[in-house]
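Computed from the coordinates by the stated procedures, all read-outs in this text should not be read as laboratory data. Keep in mind it's a predicted model, so treat the numbers as computed, not measured. Please note: Cβ atoms are built from the backbone with ideal geometry, for glycine as well, and neighbour counts cover all protein chains shown.
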Amino acid sequence: MISVSELERSYRRSRTSLTGPRPEVHALRGVSFDIERGQRFGIVGESGSGKSTLVRLLAALDRPTSGSITFQGRRIDDLPERRLGFLRSQVQIVFQDPMGSLDPRMRVRDIISEPLGRRPGRRERVRELLDAVGLPADASERYPHQFSGGQRQRISLARALAPRPSVLLADEAVSALDVLVRKQILDLIAELVERYELTLVFVSHDLGVVRRVCDTVAVMRAGEIVELGPVDEVYDDPKHPYTRELIAAAPNLAAALAGLEEE
Amino acid sequence: MSLLSVEGLGIAAGSLPLVEDVSFTIAPGERVGLIGASGSGKSLTASAVMGLLPEGLTPAGSVRFGERELLGASERELSRLRGKNIAMVFQEPMSALNPSMRVGRQVAEAMSLHGTRDRRGAKAAAVELLGRVRLPEPERTARAYPHQLSGGQRQRVVLAIALANDPALLICDEPTTALDVTVQARVLEVINEGVRDHGSALLFITHDLAVVATMCERVLVMNEGRIVESGSTRDVLGSPKHEYTARLLEASA
Amino acid sequence: MTRNLSLLAGVVLVGLVVGTALVSFGWTPHDPLLVDASVRLLGPSGEFVFGTDKLGRDVASQLMVGARTTLYVGVVAVGIAAVVGTPLGIAAGMGARWLGELIMRVNDLVLAFPALLLAIMLGAVYGASTLTATIAIGIATVPSFARIARAGTLQVMSTEYVLAARAGGRSRWWIALRHVLPNISGLVLVQSSVSFAIAVLAEAALSFLGFGTAPPTPSWGRMLQESQELLAVEPRLALIPGAAIAVAVLGFNLLGDGLRDRFDPRLEVRR
């Protein structure tokens, strides 16, 4: 479905001094992997690991410095915007910030139907989508600020599903949510992926969350994939020291409670 | 004798109650966790204790620190307590620091401001404190500006400022939520050591049950402005009585 | 509550100025241009509500007719600046890097060029008039709009909803019209009210220097100018047009703030 090869992306930072070159930041340094149709592919890493850059490249919202991305056998990394039409309906994103990812001045119906353009039957589609993400039909006339964080993520999901994509990219889609709401949205994502037979790329800093929804995981650090494999294998038997550190550092309720019992 | 005793605390925005009938006590040196979802009123409760409620919100009830009643106390009286007897660490370390002042001076100022140390003593003590929160090369770090440090390092500086005057009570409001997991683990460790070395009591606010379980001996669960359950961390998280706590646990497992 | 109050106050003050200007087309207490040496420098009375000036003209009538000039200058100058400056700023914020740089450098050039010099040049070529002064003020105000629009645009372009729109295959035009423009409209509105105030003051200053509204057309700025030599003896002649300018400026500022809040859906819940 998606094939990434030797992907690199570097940015020039703004000048820190008048003389001398502008410092270069390597966000991605040679990343390669394949995602099969129907796979639930997790990408785990901390801030600065390059995972968000990777998501943007996969959605063709940014261009790599070198390397290639193919989508269903077609190179997409070097296509001009006007020839990316086929990808724009196939790949959709849900972002982290439940407020910042919805235009505060648009009504929910306009937000959800935005990727649909002037297609006929938009109204019905919006109603259908609201139902699919568990929002009432009268939500369509309201503005984003009238909803809670979890509901806003549902609106984002509805927008992403509108053009009937085959791939859903979730960039820290549940990280800003409270535990209870997080679980509901995770369950919803899992359900939607199942129902619409989506390929899921799920990016998170939280290995525990990735484990709940993904079958495969890539662990990233400083622009590189340090470990890649089936999620349970990586979780239960991490090979790379960084993966081990990540797992050990994650607060673990069961372990903490066990510790309390012993005292 | 409790250090902090909150009784029947209510906070309202006009006629809209945000926090209702919240009562708890913290003994000297005790570590208490306050957990709940966003909007449950846990941060407001902490702000009320610090006397830092946003304008338009009115507290009712009683917040006693030792013998002193804090609700209704004058701003002058409160500012003398703040940073000296009660210190606070917020979620966002960048906005808690002055971007145009070297961090060493900010730590030193916390001490000279409250007269705990003279100017020169404060400078040396600041470097020592920065080392105690395990910042690398404390002498060099003291000369750095906040933007030159990482998020975890900044939060340690904030912690150093908070601990500078050996406060009797340290309030931490989601101090590690903005940090990476590997960094979070280290900052939690430093907070733990800090309150132990300085003999401070801790009120730790978080939405993360695992974090509270590693940090606190007693826990209060808040939902919709009320404390729905409280007790030792082991009892509350091991065998929750309230349905809400049980749901939180289930979602966190 | 306070928001509605400021909108209401703005509407009342601006309404006062607009109403006065409208009424002046049909009726003024006296002929504002009638020079009568027998009634020079009279204080306020039943016949001359605000008294008369050094040529015996009725101050109240001049003030009413002057309101037209003020509104004309403010609306036209801000109109020119907003209509030219806002799209330039959006283009600078959304377009290629070189385009943005180019627009902003030209912007800086215009900004560095004094409005006064522009007014003098336009006046020299076309003859000094209210129109030349207004156009000069309008051109000189373009950079403020371009700058604020660019800053707002850059901020909107960095949001995730714009990324989502791009991922949904939306064109630049759509993003500019549906996302950027509505979200920077508040900034532009506030800039308009500030610029209106500056334009009115600038016209007064230009008229004062003789590069704006030519005599005998009444203008608040010219009234101020003519009061200058008598400031010590008859401060009334400066205070009255001064107060009128203050009322118009304050009114438009309040109106701008009020409108911005009124049309921001995010503020609806707090009502």
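Some observations on this one:
- Dipole of the range B:4-252, positive direction: furthest Cα of B:V228, B:V157, B:L52, with charges on the beta-carbon: B:V157
- Cα Rg over Rh - the range B:4-252, Kirkwood: 0.97
- Gain on full stretching of the segment that runs from A:S32 to A:R164 - 0.36 nm per residue minus C-alpha separation: 44.8 nm
- Estimated inter-spin distance, B:T25 and C:A112, nm [label 7 Å along Cα→Cβ]: 7.2 nm
- Average beta carbon contacts from partner chains per residue of B:199-210, 10 Å cutoff: 2
- Under 18 Å of direct C-alpha separation, and excluding same-chain neighbours fewer than eight residues apart, A:K183 reaches these aspartates and glutamates: A:D97, A:D171, A:E172, A:E191, A:E194, A:D206, A:D215, B:D208, B:E243, B:E250.
- Between the beta carbons of B:S2 and A:E245, assuming R0 = 41 Å, the FRET efficiency works out to 0.55 to the nearest 0.05.
- Shielding by partners, peptide C:165-175 (average Cβ within 10 angstrom, other chains): 6
- Cα-Cα P(r), chain A, percent of pairs per 10 Å interval: 7, 27, 33, 22, 9, 2, 0
- Comparing B:A73, B:A46, B:A142 in a Gaussian network model of chain B where C-alpha atoms under 10 Å apart are linked, the largest mean-square fluctuation is found at B:A73.
- Simple spin-label estimate for A:D110 and B:S150 gives 4.3 nm between the two label positions (7 Å along the Cα-to-Cβ direction from each Cα).
- Counting only DSSP H runs of at least 4 residues, each contributing -39500 (n - 2.57), and dividing by the residue count of the protein assembly as shown, the helix-based mean residue ellipticity at 222 nm comes to -15500 deg cm²/dmol.
- Inter-chain neighbour count for B:236-245: the average number of beta-carbon atoms from partner chains within 10 Å of each residue's beta-carbon is 1.
- Rounded if a/c under 1.5, otherwise prolate or oblate - the protein assembly as shown, Cα gyration tensor axes: prolate
- Going from the fewest other Cβ atoms within 10 Å to the most, the residues B:S38, A:S140 appear in the order B:S38, A:S140.
- DSSP assigns beta bridges within chain B; of those with both partners inside it, close to 55 percent run antiparallel.
- Calculated FRET value between A:T65 and C:E101, using beta carbons and R₀ = 22 Å, to 0.05: 0.45
- Debye, to nearest 20: dipole size of chain C, +1 on Lys, Arg Cβ, -1 on Asp, Glu Cβ: 1220 debye
- The alpha carbon convex hull volume per residue for chain C rounds to 149 Å³.
- Assigned charges on the beta-carbon of Lys, Arg, Asp, Glu; the range B:4-252 dipole about Cα centre (debye): 1040 debye
- Highest to lowest packing among C:169-182, C:199-212, scored as the average C-beta count within 10 Å: C:199-212, C:169-182
- Fewest neighbouring Cβ atoms within 10 Å first, the residues A:E124, C:E101 line up as A:E124, C:E101.
- Loop GluC sites (Glu not before Pro), the range B:167-241 (other Cβ atoms within 10 Å of the site Cβ: 15 or fewer; DSSP): B:E217, B:E224
- Using a Gaussian network model of chain A in which every pair of alpha carbons under 10 angstrom is joined by a spring, one finds that among A:G45, A:G73, A:G208 the greatest mean-square fluctuation is at A:G73.
- Selection from B:T214, B:A96, B:A124 lying farthest towards where the dipole of the range B:4-252 points positive, charges on Cβ: B:A124
- The residue among B:A178, B:G33, B:S252 whose Cα reaches farthest toward the positive pole of the charge dipole of the range B:4-252, with charges on the beta-carbon of Lys, Arg, Asp and Glu, is B:A178.
- Most mobile of C:G123, C:G85, C:G74 in a GNM of chain C (Cα contacts under 10 Å): C:G123
- Where both bridge residues fall in the protein assembly as shown, DSSP classifies roughly 55% of the beta bridges as antiparallel.
- Measuring between their Cα centroids, the range C:246-266 and the range C:116-187 lie 19 Å from each other.
- Legend: ranking of residues C:K54, A:K51 from fewest to most surrounding C-beta atoms inside 10 Å; resulting order C:K54, A:K51.
- A simple spin-label model places pseudo-atoms 7 Å from Cα toward Cβ; at B:A12 and A:V25 they are separated by 4.8 nm.
- A Cβ-based charge dipole, computed about the Cα centre of the range C:66-216 with Lys and Arg at +1 and Asp and Glu at -1, lands at about 440 debye.
- Spatial separation of Cα centroids for the range A:206-263 and the range B:104-170, in angstrom: 34 Å
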